[in-house]
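The structure under discussion appears below in the form of structure tokens.
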Amino acid sequence: MALIRVDKLKEGMVVKKDVTAPTGRFIMASGATIESRHLKLLKSWGVIEVEVEGDDEPDRMPQIPPMSRSDLTTGVAYLDHLFSICGRGTPVLKELSRAATIRVMNQIGQKGISVIPDLRSVGDEGKGKMEDLSRVSISSIVGKQTRLFSFSDTYRQIVEVLQSPRSSATHIAQVVEKDTSLSAKLLQIVNSAYYGFPSKIGSIQRAVTILGGRELTTLAIGITAIRYFSKLSQDVLDMERFWRNSVACGVFARLLAGEKRLPSDNHFFLAGLLRDIGLLLLIGECPVAVELVIRRSCRDKISLPICEREVFGFSHAFLGASLLAEWKVPSYLVNIVKYKDNPLFSSEDLESSILHVADCLSFATGYGWSPIMPIPAMDDEGWNRLDLSYNVLEPMCSRAERQISEIVDVFLK
């Protein structure tokens with residue numbers, strides 16, 4: 001049998017198993033032959049895939065442009081490196097590998113082999129003397145950052161208004177409008193493809209009315225964090241690439257939450273945006289050590305959190321979660337970020353699994369914060385916790401690409 005996406009079905013295929021809509025409504029019986037009218041019917045009822053008789057989908061193999069054997073060998077070696085930690089052993093990883101192969105090979109065909117990073121640099125030991133890590137701890141780093149960094153008066157006032165039982169959209173709008181830069185950025189975001197409202201939202205008060213005060217606060221946290229950490233040295237990481245990856249993770253997390261029809265799916269964007277903020281804290285505290293840890297992960301094909309725990313005694317996810325708690329980010333979001341690498345240990349295991357998969361997708365689709373960083377390991381049980389078919393990935397990635405492009409333009413400019 002073969003599990004075929006609806007847009008790949010062809011007339012004459014025979015249904016292997018009864019087809020039902022997401023609502024549970026019966027659509028087609030096993031043994032039925034696909035006709036043109038069925039294709040429209042299946043799409044109208046939101047059916048993603050159909051199990052049909054026969055072998056695997058015939059055109060599932062990636063189609064790549066013509067190129068020299070040398071370029072093909074280099075491209076394959078790069079793809080092997082990207083999938084060296086996560087592997088290709090499950091249906092979802094095979095689908096990600098297929099999509100990545102098409103993307104990488106098309107880039108080579110269009111722009112030449114120079115688009116592929118030189119993997120020989122992976123073995124470099126880095127520069128500089130390792131910092132003294134004897135006093136490095138989560139509490140010391142978070143305490144230092146808390147003393148150095150505080151949110152703007154606008155953010156604090158927004159939180160105070162939200163906590164007041166008498167607050168209204170007008171009150172929140174009046175606070176936000178005092179910060180003209182924040183107001184302009186928020187209006188750009190709510191009018192972007194990320195939200196996709198049919199008509200333009202021209203005022204902060206209307207934005208608060210439509211989105212809600214908590215959603216506005218979520219965006220304010222993200223904007224403020226990017227402003228602060230954009231000043232960080234770029235010796236270890238390209239900050240534009242880092243935030244592009246963070247936006248991508250946020251978009252994927254939101255889309256996955258939407259697939260699960262979870263309430264407050266927009267809060268997942270903030271979780272994705274800030275899920276690697278602990279890495280930035282580590283770079284600010286001990287950049288040489290972080291560079292060595294990243295290089296070891298790339299060179300030895302060992303998961304980054306494992307390398308971090310060996311050197312620092314904790315992962316950047318736990319560090320970032322501690323900072324978010326200090327920032328009064330909602331506790332369930334703190335928990336989601338804390339367990340992004342081990343989602344089933346989280347009390348919010350579904351939500352942490354969504355962030356975990358979104359993290360992997362952000363690297364697998366070419367938005368990694370380093371072009372030589374392998375795709376993070378995907379927890380099989382974490383993916384299974386989502387109870388989604390891998391066939392949702394291709395259309396999801398198409399939607400994500402459009403949103404990521406526009407959101408990056410708004411957030412980073």
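Side notes on the structure shown:
- Against the conditions (1) over 18 Å from residue 334 (Cα atoms); (2) over 13 Å from the mean Cα position of the chain (by Cα), residue 242 satisfies every one except (2).
- Considering residues of the range 363-377 that are in a helix (DSSP H, G or I) and in contact with a Lys or Arg (Cβ under 8 Å, 6 or more places away or on another chain) only, the residue surrounded by the fewest Cβ atoms within 10 Å (Cβ to Cβ): 366
- Screening residue 308 on (1) among the charged types (D, E, K, R); (2) within 20 Å of residue 250 (Cβ to Cβ); (3) in contact with a Phe, Trp or Tyr (Cβ under 8 Å, 6 or more places away or on another chain) shows it passes everything except condition (2).
- Flag if residue 96 is farther than 16 Å from residue 393 by Cβ, outside the structural domain of residue 367 (by TED's automatic domain parsing) and part of a helix (DSSP H, G or I): no
- The set of residues in the range 339-362 being surrounded by 22 or more Cβ atoms within 10 Å (Cβ to Cβ) and in contact (Cβ under 8 Å) with a residue 40 or more places away in the chain consists of 340, 343, 351, 354, 355, 357, 358, 359, 360, 361, 362.
- Verdict on residue 358 being outside the structural domain of residue 88 (by TED's automatic domain parsing), of a type outside the set (Val, Ile, Thr) and under 19 Å from the mean Cα position of the chain (by Cα): yes
- Enumeration of residues in the range 397-413 that are closer than 15 Å to residue 196 by Cβ and either of a type outside the set (Ser, Thr, Tyr) or buried (at least 19 other Cβ atoms within 10 Å of the Cβ) (or both): 399, 400, 401, 402, 403, 404, 406, 407, 410
- When restricted to residues that are in a loop (DSSP other than H, G, I, E, B), surrounded by 18 or more Cβ atoms within 10 Å (Cβ to Cβ) and either hydrophobic (A, V, I, L, M, F, W, C) or outside the structural domain of residue 228 (by TED's automatic domain parsing) (or both), the range 270-315 contains 2.
- Pair list, Cβ < 6 Å and 6+ apart or interchain, from the range 237-262 residues that are assigned by TED's automatic domain parsing to the domain that holds residue 22 and under 17 Å from residue 400 (Cβ atoms) to residues that are crowded, with 23+ Cβ neighbours inside 10 Å and among the charged types (D, E, K, R): none
A quick yes/no check of all residues on (1) touching a residue at least 60 places away in the same chain (Cβ under 8 Å); (2) surrounded by 15 or more Cβ atoms within 10 Å (Cβ to Cβ):
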| position | (1), (2) |
| --- | --- |
| 183 | no, yes |
| 188 | yes, yes |
| 195 | no, yes |
| 213 | no, yes |
| 234 | no, no |
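- Test for residue 336: is it modelled with pLDDT under 90, β-branched (Val, Ile, Thr), crowded, with 17+ Cβ neighbours inside 10 Å and in a helix (DSSP H, G or I): no
- Members of the range 83-93 found to be in a helix (DSSP H, G or I) and either of a type in the set (A, V, I, L, M, F, W, C) or without any contact (Cβ under 8 Å) to a residue 40 or more places away in the chain (or both), listed by number: 92, 93
- Residues of the range 176-202 satisfying the condition of being within 17 Å of residue 410 (Cα to Cα) and hydroxyl-bearing (Ser, Thr, Tyr): 180, 181, 183, 192, 194, 195
- Only one of the numbered conditions (1) part of a helix (DSSP H, G or I); (2) polar (S, T, N, Q); (3) at pLDDT 85 or above is violated by residue 209, and that is (3).
- Selection count where residues are modelled with pLDDT under 85 and acidic (Asp, Glu), scope the range 12-50: 1
- In the condition set (1) out of contact with any Lys or Arg (no Cβ under 9 Å at 6 or more places or on another chain); (2) part of a helix (DSSP H, G or I); (3) at pLDDT 75 or above, residue 156 is compliant with all but (3).
- Residue 399 fulfils the conditions (1) in a helix (DSSP H, G or I); (2) among the charged types (D, E, K, R); (3) without any contact (Cβ under 8 Å) to a residue 40 or more places away in the chain except for a single criterion, (3).
- Of all positions in the range 322-330, at least one carries a residue that is free of Cβ contacts under 8 Å to residues at least 12 places away in the same chain and surrounded by fewer than 22 Cβ atoms within 10 Å (Cβ to Cβ).
The values are calculated or read from the model by the stated rules, or taken from the named source; none is laboratory data. This one's a predicted model, so the numbers in the text were calculated from it and none came from an experiment. Quick reminder, even Gly has a Cβ in these numbers, built from the backbone with ideal geometry, and neighbours come from all protein chains shown.
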